[in-house]
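As structure tokens, the structure follows; a few thoughts come after it.
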């Protein structure tokens, strides 16, 4: 900085002198010598003033820079001192840690040495005791345990027998009181579904219209629904007979619609049956939703609610399966509440325990296993799945809720008049007849009618011709004779119908 200031002043002086000389020469050329000398002197004074000001400013800048440099030097010195102090402190800490580490190592060695001495002392003591007693440590322990067992065995046996007797007495009383309380709170009517439905005829003319010319209407209705229709057995009534309650309901709805409309022909019969099937589907959904709402459950998957609704048209030994499940759910909730089990799990499992029966005609297997698989498939909790699977002892009931479902199932089924074994056997025989018929290829539908005295088989006309239909009837009859036991004679009726359909546009 000190070198730069004189250079600046010299430059300014040179510039001022040059300006003065230029002005002098100019004045001399114009003949004004005196005037030129004045200008020169003036230029020199200005140059001198500028140089002085520049030196002064340069001195101030140099002084300011020197002060800043001194300040920075002081800060660097302070920083250096702090770092030195920290380094000293760290060195001291490291020394201390090393000393502590050495001390701990020495103490660990001393402790290990003491442990070794103690072990040696114990071993010597054990050896002395074994020599004195003439027994080893294991033998002494066994002898002591045997002596103690002999001394208190009789007392323990008596105490255990007494406690078991008291516990059994208390448990039996508590269980009886609990079940009686639940049954008193939940007392529903017992109804047994049968296999027939009766419809009242508005007049005698309607009977002839239902039968149709040469019986074509009643035959079309029986083929479409798979229900045996009897119009001559009871005056003023039409009786619908089928072991399958869904078929009976579809036939009932279709026949009521036809009688109300008045137009009865094969085309209107097919239309009425199709509408009846849709109406039954709506009724299934309503029945499932009503059952869930009555029990007080929420969050049940829609697919399970639909399957639950189908149980309205299923029976088990004459007992309606949906009503049986609802009754069980109420009782299971009460028992779970009394014993402190999970009330929601018990009610859900009880309501869904027979849901596999809704699809047993579609899926092979036990209804408990099928129901558990369906519940698991649609995201039900594991404890609900276990309770469904265990209600017939197919697996072990490992939860309180599973045991509750087993108890409720037995209670509901054991009510007087709740179930009809002969009706269930009859329905099972009807299903076996239909399954035998549908096991052959080319079968469209098969219906067991007339209380199992006739099996009506409708074939696909493209797959079975007239000659094959005769052979099929014989094959079905032979298989029925070989696999089933039945009283009387079973008629095998194979129906092949060809339709030609065209549209006029």
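For the range 449-477, give me each residue that is assigned to a helix (DSSP H, G or I) and under 24 Å from residue 427 (Cβ atoms). Walk me through it before giving the result.
Taking the range 449-477 and keeping what is assigned to a helix (DSSP H, G or I), we get 450-452, 466-477.
Within the range 449-477, 450, 451, 452, 476, 477 meet the criteria.
Given the structure, is residue 276 over 17 Å from residue 358 (Cα atoms) and either surrounded by fewer than 21 Cβ atoms within 10 Å (Cβ to Cβ) or touching a strand residue (DSSP E or B) at 6+ places or on another chain (Cβ under 9 Å) (or both)? Outline the logic, then answer.
Numbers: over 17 Å from residue 358 (Cα atoms): yes; either surrounded by fewer than 21 Cβ atoms within 10 Å (Cβ to Cβ) or touching a strand residue (DSSP E or B) at 6+ places or on another chain (Cβ under 9 Å) (or both): no.
In short, no.
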If the Cβ limit is 9 Å and pairs must be 6+ apart or interchain, which residue in the range 260-276 that is assigned by TED's automatic domain parsing to the domain that holds residue 215 and touching a residue at least 40 places away in the same chain (Cβ under 8 Å) pairs with which residue that is outside any helix (DSSP H, G or I) and buried (at least 17 other Cβ atoms within 10 Å of the Cβ)? 264/212; 265/212; 266/212
Does residue 429 fit the bill of being modelled with pLDDT under 85, surrounded by fewer than 19 Cβ atoms within 10 Å (Cβ to Cβ) and not in a helix (DSSP H, G or I)? no
Selection count where residues are free of Cβ contacts under 8 Å to residues at least 60 places away in the same chain and under 28 Å from residue 240 (Cβ atoms), scope the range 455-478: 10
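Counting only residues that are touching a helix residue (DSSP H, G or I) at 6+ places or on another chain (Cβ under 8 Å) and exposed (fewer than 14 other Cβ atoms within 10 Å of the Cβ), which one in the range 462-490 is farthest from residue 439 (Cα to Cα)? Quick ask: steps written out before the conclusion?
Of the residues in the range 462-490, the ones touching a helix residue (DSSP H, G or I) at 6+ places or on another chain (Cβ under 8 Å) are 464, 476, 479-480, 483-484, 486, 490.
Those left that are additionally exposed (fewer than 14 other Cβ atoms within 10 Å of the Cβ): 483-484, 486.
On the way: 483: 13, 484: 15, 486: 19 Å.
Taking the candidates together, the pick is 486.
Name the one entry in 367, 324, 353 that is more than 19 Å from residue 397 (Cα to Cα) and crowded, with 16+ Cβ neighbours inside 10 Å. Steps first, please.
Numbers: 367 fails: more than 19 Å from residue 397 (Cα to Cα); 353 fails: more than 19 Å from residue 397 (Cα to Cα).
Going through 367, 324, 353 in turn, just one is more than 19 Å from residue 397 (Cα to Cα) and crowded, with 16+ Cβ neighbours inside 10 Å: 324.
Okay, residues lined up against (1) at pLDDT 75 or above; (2) closer than 30 Å to residue 338 by Cβ; (3) assigned by TED's automatic domain parsing to the domain that holds residue 340; (4) surrounded by 10 or more Cβ atoms within 10 Å (Cβ to Cβ):
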| site | (1), (2), (3), (4) |
| --- | --- |
| 103 | yes, no, no, yes |
| 120 | yes, no, no, yes |
| 150 | no, no, no, no |
| 153 | no, no, no, yes |
| 167 | no, yes, no, yes |
| 170 | no, yes, no, yes |
| 175 | no, yes, no, yes |
| 178 | no, yes, no, yes |
Can you name every residue in the range 378-409 that is more than 23 Å from residue 306 (Cβ to Cβ) and not in a helix (DSSP H, G or I)? 390, 392, 393, 394, 395, 396, 397, 398, 399
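The values are calculated or read from the model by the stated rules, or taken from the named source; none is laboratory data. Just so you know, these numbers come straight off a predicted model, no measurement behind them. Ideal geometry is used to build each Cβ from the backbone, glycine not excepted, and the neighbour counts take in all protein chains shown.
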